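*Asks:* Below is the structure I would like to discuss, written out as structure tokens.
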Amino acid sequence: MLKFLDKYKDFGLLIVRSGLGLTFILIHGWPKLSGGAPKWEQMGSTMRHFGITFAPVFWGFMNAFAEFFGGVSLLFGLFFRPMMLILAINMFVAFFGGIG
């Protein structure tokens with residue numbers, strides 16, 4: 001019925017990928033990355049819910065780094081699958097670490 005839309009499938013995926021990439025860069029990644037060590041420590045302390053209590057600044061920086069450069073990767077389509085795995089793990093920690 002909507003067979004004529006097949007020729008726009010790749011363009012639609014580009015729009016979705018670009019929108020998600022920009023969201024990760026501008027809303028999630030950059031504010032955390034530019035927040036500095038106090039923000040990184042606050043985010044990294046979430047790892048205590050998983051039994052990891054050392055180096056919260058490092059874990060917070062890794063969170064900000066993954067969200068910012070994962071968004072860049074998503075936007076440009078570079079290293080897509082590995083970065084999406086990293087972002088999925090990041091979002092898993094954010095979701096389940098925030099509970100409790």
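We did not get these values from a lab; they are worked out from the coordinates using the rules stated. As the structure is a prediction and not an experimental result, all values here were calculated from the model. No Cβ is skipped: glycine too gets one built from the backbone with ideal geometry, and neighbour counts run over all protein chains shown.
*Asks:* So what does log10 I(q)/I(0) come out to for the chain at q = 0.15 Å⁻¹, using the Debye formula with one equal point on every Cα and no solvent?
*Replies:* Here the Debye-derived log intensity ratios amount to -0.63.
*Asks:* Quick one: angle between helix 9-23 and the longest Cα principal axis of the chain, in degrees between 0 and 90, rounded to 10, please.
*Replies:* On a 0 to 90 degree scale, this one is about 20.
*Asks:* In the range 57-93, whose amide N lies under 17 Å from the spot 7 Å out along Cα-to-Cβ of residue 42? List them in ranges.
*Replies:* Label zone hits: 57-65.
*Asks:* Calculated FRET efficiency, residue 30 and residue 9, Cβ-Cβ r, R0 35 Å, to nearest 0.05?
*Replies:* Between residue 30 and residue 9 the formula returns 0.70.
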